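Working notes, beginning with the structure itself.
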Amino acid sequence: MNIKRLGSIAAIAIVGTIALSSCASNESTPASSASSSTKAVSGTINGIGSSAQGVAETTWAAGFQTANPDATVNYDPQGSGAGRTSFISGAANFAGSDAALSDDELKSTFAGCAAGSKAIDLPVYISPIAIAYNVSGVTDLTLDADAIAGIFKGTIKKWNDAAITKLNPDAKLPDAAITVVHRSDDSGTTFNFTQYLASQAKSAWTAPASQTFPYSVGDAAKGTSGVADAVKNSTNSVTYIDESGAGDLSIAKLDVGGVATKISADGAAAVVDKSPLTTGRESNDLSIDIDRTLTDKGDWPMVLVSYLIACDTYKDASIGKVVKAYATYAASDEGQKAAAAQAGSAPLTSKLAADVAKAAATIK
């Protein structure tokens, strides 16, 4: 794997090391129906987008390139907003985004797509969003939506605030100022995080869901790795982050329906599985309208679904052929298991994987 840093942007070119199964799909296991064709493809495709998706993209590209030695997948984790902008302008052949294309973005003219063609959102990555912290003497912490909202809005300023101590009566919370760390870039993780708070902490969080952090509080850092590093290097700090990027940081439990719940990929996947598709989209656009109100045992409603955004039909059919094969592999049983092992993501359910495979098959 080659990783080059240009300023603050990581440009990744990956050489494959994970074998891709060439077995035919088994009708009794729908997830396997997403397996890529045994016929190898060739060519180079470039993706830009989600830093949360970065480890998974590295893993998928490795497996895909092993099975397709004449194909190259480059992925630059500049952030979800940059990914969508670059895809719309034609600077990227596909985007990775922790938020689906908005209705306004869907009205764009996509430079790399054939005239009259639309872009589609394919969910390929599911992960819980963690509240990661570095607090002196604290390794077990529970927070609810209102406390999280107060912390990140700046109305809860100290770790021993009553709103936090009532949730953690046995914790030795310091009389110390909270250092909030949030994303500086246009981020799908920020969108999902603020969407959760706008839904579940309406009295404390008055801003709508946004891809940019809406309040002037704390410190800002770029990308998943940026906020992780900032919290590691600052005592009594806290951030929201895709779980795959939290590393050795402590992760708070989330009060879900009155129960202190540990973060889990299964809990995130359960919420996505019970959520409906966004209405008013094309049949091959699988944008998911996440239900943040779910409180079944183990549910983790502070979840992100990350998408591979592609053209329905490409101007260059040779590009479309490679993107189609790559999207199919990313959603395959093997691709999902590999990403789960490397990034800690939640594999797509069999039904969702089969739906993504069906949608990816429409790419031309």
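Every read-out reported here was derived from the displayed coordinates using simple, explicitly stated rules and does not represent laboratory data. Values in this document were obtained by computation on a predicted structure and should not be read as measured data. Cβ: placed from backbone, ideal geometry, glycine included. Neighbour counts: every protein chain shown.
Around Ala114, which amide H atoms from residues at least 5 apart in sequence, or from another chain, sit under 5 Å from its own amide H, with H modelled in the peptide plane?
It is Thr313, Tyr314, Lys315, by chain and number.
Given only helices, namely DSSP H runs of n ≥ 4 each adding -39500 (n - 2.57), what is the per-residue ellipticity at 222 nm of the chain, to the nearest 500 deg cm²/dmol?
Result for the chain: -9000 deg cm²/dmol, rounded to the nearest 500.
Can you give the net charge of the other residues whose Cβ lies under 12 Å from the Cβ of Asn160, counting K and R as +1 and D and E as -1?
Neighbourhood net charge equals +2.
For Trp159, Trp60, what ranking results if the residue with the fewest other Cβ atoms within 10 Å of its Cβ goes first?
The most exposed by this proxy come first: Trp159, Trp60.
Taking the Cβ-Cβ separation of Asp248 and Ala91 as r and a Förster radius of 35 Å, what is the calculated FRET efficiency to the nearest 0.05?
It comes to 0.50.
Please turn the phi angles of segment 228-239 into ³J(HN,Hα) values with the Karplus equation 6.51 cos²θ - 1.76 cosθ + 1.60 (θ = phi - 60°), one per residue in order, whole Hz, x for glycine and proline.
For segment 228-239, the Karplus-derived couplings read 4, 5, 4, 6, 4, 9, 9, 5, 6, 10, 8, 8 Hz, x marking Gly and Pro.
Please list, or write none, the lysines whose alpha carbon is within less than 29 Å of the alpha carbon of Lys315, excluding same-chain residues fewer than 8 places away.
Output for Lys315: Lys39, Lys107, Lys118, Lys324, Lys358, Lys364.
Pull out the extension gain between Ala317 and Thr206, defined as 0.36 nm times the separation in residues minus the alpha carbon to alpha carbon distance; nm, one decimal.
Gain on stretching Ala317 to Thr206: 35.4 nm.
Could you work out how much longer the chain between Lys39 and Lys158 gets when fully extended? Use 0.36 nm per residue separation minus the Cα distance between them, nm to one decimal.
Net length gain for the segment: 37.0 nm.
Taking the chain as the reference, fit the longest principal axis to its C-alpha atoms, fit the long axis of helix 350-360 to the helix C-alpha atoms, and give the angle between the two in degrees, 0 to 90, nearest 10.
Relative to the chain, helix 350-360 is tipped by roughly 50 degrees.
Counting only other residues whose beta carbon sits under 15 Å from that of Asn68, what net charge do I get with K and R as +1, D and E as -1?
+1
In what sequence do Lys222, Lys157 fall when counting other Cβ within 10 Å, fewest first?
Lys157, Lys222
Can you tell me the FRET efficiency between Ser216 and Asp104 if r is taken as the Cβ-Cβ distance and R0 is 30 Å, rounded to the nearest 0.05?
0.70
Restricting to bridges with both residues inside the chain, how much of the DSSP beta-bridge set is antiparallel, in percent to the nearest 5?
65
What is the sum of charges, Lys and Arg at +1 and Asp and Glu at -1, for the other residues whose Cβ falls under 13 Å from the Cβ of Ala340?
-3
I'd like the distance between the alpha-carbon centres of segment 72-145 and segment 185-255, rounded to an integer number of Å.
That distance is 15 Å.
Stretched out fully, how many nm does the piece from Ser234 to Thr295 gain, at 0.36 nm a residue minus the Cα gap?
Between Ser234 and Thr295, full extension yields 18.7 nm more.
Quick one: which residues, 5 or more positions from Leu277 or on another chain, have an amide H under 5 Å from its amide H? H modelled 1.01 Å from N in the peptide plane, none for Pro or chain starts.
Here Asp289 satisfy the definition.
Would you list Ser51, Ser210, Ser136 from fewest to most Cβ contacts within 10 Å?
Ser136, Ser210, Ser51
Nearest-5 percent of antiparallel DSSP beta bridges in segment 128-267?
60
Would you mind checking which residues have amide H under 5 Å from Thr72's amide H? H placed 1.01 Å from N; only 5 or more apart, or other chain.
Counting only residues 5 or more places away or on other chains, the set is Gly43, Thr44, Ile45.
At Ala176 and Ala341, where each label point lies 7 Å from the Cα along Cα→Cβ, what is the point-to-point distance in nanometres?
Output for this residue pair reads 3.9 nm.
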